[in-house]
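Enquirer: My questions will all concern the structure given below.
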Amino acid sequence: MITYAIYFAFACFGAALLMNLWRILTSDGVGVRVLALDTLVINTIALLILYGLAIGTEIFFEAAMIIAMLGFVSTVAYARFMLRGNIIE
Amino acid sequence: MTAIAEPLIAFFLIVSGIFGFVGSFGLLKLGDPMSRMHAPTKATTLGVGGVLLASILHSVAIEKHLSLHELLITLFLFLTAPITAHFIAKWHIHRHETPQSLPRAGDDVIWATHDTPEQEDGDAA
């Protein structure tokens, strides 16, 4: 039962990744692109944890944590750049 | 224990998959940038929270040992998603709106985010 639920969640988050990519490619504003990138990172975290669940290892939690931190920092850097023109003033 | 835990884990996984899908579908479907911000910052965070909850349950009930790494990730995501949304909303206010085009600011004349930079510039000049 868990195996099929994991497959279902894989399919959902995979489709979500594709939709985010489509939004990044076809968006009309840079803010929505940054938002789509941030969503892409969050969906990647979910996929990593699902993969760890599927093959029964815990080694991916550290990777997910690092991706979460890097995603947040990069989104904030993008937002600073869009707002002020530079990142560290 | 496992008889109760397995359907619960499957339930959390399916619900989180649906939430993750809805979050990105909203990003694609909704019209203007501020509506688009609404879907991924809420639904996707909830979706990842569901996956992490399922992972905690899996490690407790099936692998028989408590692991709380997931709580760290959940906490981090729930802290950072509003900050991200705030930054992008602020970008939109400053780039695509004027103080006149925004809704009324309650008791104040304009919103605080439009208020401070001009004053600092005036002092510097």
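The values are calculated or read from the model by the stated rules, or taken from the named source; none is laboratory data. This one's a predicted model, so the numbers in the text were calculated from it and none came from an experiment. So basically every Cβ, Gly included, is an ideal-geometry build from the backbone, and we count neighbours across all protein chains shown. Just the protein is used for accessible areas: all its heavy atoms, side chains included, with ligands, DNA and RNA removed. Shrake-Rupley method; radii C 1.70, N 1.55, O 1.52, S 1.80 Å.
Enquirer: For the stretch B:19-32, name all the residues that are more than 7 Å from every other protein chain (Cβ to nearest Cβ) and either open to solvent by less than 70 Å² (accessible area, probe 1.4 Å) or not aromatic (Phe, Trp, Tyr) (or both).
Expert: Within the stretch B:19-32, B:VAL22, B:GLY26, B:LYS29, B:LEU30, B:GLY31, B:ASP32 qualify.
Enquirer: Looking only at the stretch A:9-35, how many residues end up being buried (at least 17 other Cβ atoms within 10 Å of the Cβ), without any contact (Cβ under 8 Å) to a residue 40 or more places away in the chain and facing chain B (nearest Cβ under 8 Å)?
Expert: 9
Enquirer: To continue, here is another question. Go through the stretch A:45-89 and give me each residue that's facing another protein chain (nearest Cβ under 10 Å), assigned to a helix (DSSP H, G or I) and not hydrophobic (A, V, I, L, M, F, W, C).
Expert: Those that are facing another protein chain (nearest Cβ under 10 Å), assigned to a helix (DSSP H, G or I) and not hydrophobic (A, V, I, L, M, F, W, C): A:GLY52, A:GLU62, A:GLY71, A:THR75, A:TYR78, A:ARG80, A:ARG84.
Residues are listed down the side, and each one gets a yes or a no for (1) surrounded by fewer than 18 Cβ atoms within 10 Å (Cβ to Cβ); (2) at pLDDT below 85:
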{"residue": "B:ILE9", "(1), (2)": "no, no"}
{"residue": "B:GLY17", "(1), (2)": "no, no"}
{"residue": "B:MET34", "(1), (2)": "yes, yes"}
{"residue": "B:VAL48", "(1), (2)": "no, no"}
{"residue": "B:HIS69", "(1), (2)": "no, yes"}
{"residue": "B:LEU79", "(1), (2)": "yes, no"}
{"residue": "B:ILE88", "(1), (2)": "no, no"}
{"residue": "B:ARG95", "(1), (2)": "yes, yes"}
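Enquirer: A follow-up question, please. Residue check, B:GLU63 against (1) open to solvent by 60 Å² or more (accessible area, probe 1.4 Å); (2) more than 10 Å from chain A (Cβ to nearest Cβ); (3) within 25 Å of A:PHE61 (Cα to Cα), all met but one. Which one?
Expert: (2)
Enquirer: Checking the condition among the charged types (D, E, K, R), facing chain A (nearest Cβ under 9 Å) and over 16 Å from the mean Cα position of the chain (by Cα), which residue from B:ARG36, B:ARG95 passes?
Expert: B:ARG95
Enquirer: When you look at A:VAL41, is it open to solvent by 30 Å² or more (accessible area, probe 1.4 Å), more than 9 Å from every other protein chain (Cβ to nearest Cβ) and closer than 17 Å to B:THR45 by Cβ, yes or no?
Expert: Yes, satisfied.
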